[in-house]
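The values are calculated or read from the model by the stated rules, or taken from the named source; none is laboratory data. For clarity, every value in this text was computed on a predicted model and none was experimentally measured. All Cβ positions, even for glycine, are placed from backbone atoms using ideal geometry, and neighbour counts span all protein chains on display.
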Amino acid sequence: METIQIKYFTDGIDDLCYVAGKSDWIDLHAAEDVDLKAGEFRLIPLGVAIALPEGYEAHIVPRSSTFKNYGILQTNSMGVVDYTYRGDNDQWRMPVLATRDVHIAKNDRICQFRIMKNQPELNFVRVEHMDAPDRGGFGSTGK
């Protein structure tokens, strides 16, 4: 099991942990109370800096209930944190756009992350034709 250093920037948020038996994603919490008006953008601090192991990255996405509960959209769809973002001031944040007026309380679970190995180095080769049969194009798997 890997051991990873975590710096917490604030008291009053839960320590990072797995939701036992439900997922291998780890929830992240708002590190402060946030009030947003519809159409407002904000970088919401998540209260942690994490020293990922070299060769790994974290993928940050909203929880499945985030939009229903708060009406916020993560503006970059998915955040990627590489292992070099690990200094004392490298607090993770979630860039959001509010679709309605909303209050997010400190310690509310608003997003989640998982740690992934970096993609291996790939060699791309230009070809005139692909060797695989066509599936039927975009949207071909049905409704």
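Quick look at the values:
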item	result
Test result for VAL19, among the β-branched types (Val, Ile, Thr) and over 17 Å from the mean Cα position of the chain (by Cα)	no
Index of the failed condition, ILE110 passing every other in (1) within 25 Å of ASP24 (Cα to Cα); (2) modelled with pLDDT of 95 or more; (3) assigned to a loop (DSSP other than H, G, I, E, B)	(3)
Single residue of segment 34-52 satisfying the filter (touching a Lys or Arg at 6+ places or on another chain (Cβ under 8 Å) and surrounded by fewer than 17 Cβ atoms within 10 Å (Cβ to Cβ)) that is farthest from GLY12 (Cα to Cα)	ALA38
Top-ranked residue in segment 18-33 [being in contact with an Asp or Glu (Cβ under 9 Å, 6 or more places away or on another chain) and part of a strand (DSSP E or B); ranked as surrounded by the fewest Cβ atoms within 10 Å (Cβ to Cβ)]	TYR18
One residue from ALA132, ALA98 being surrounded by 13 or more Cβ atoms within 10 Å (Cβ to Cβ) and among the small types (Gly, Ala, Ser)	ALA98
Neighbours by Cβ (under 9 Å, 6+ apart or cross-chain): first from segment 129-143, assigned to a loop (DSSP other than H, G, I, E, B); second modelled with pLDDT under 75 and not aromatic (Phe, Trp, Tyr)	ASP134/SER140; ARG135/THR141
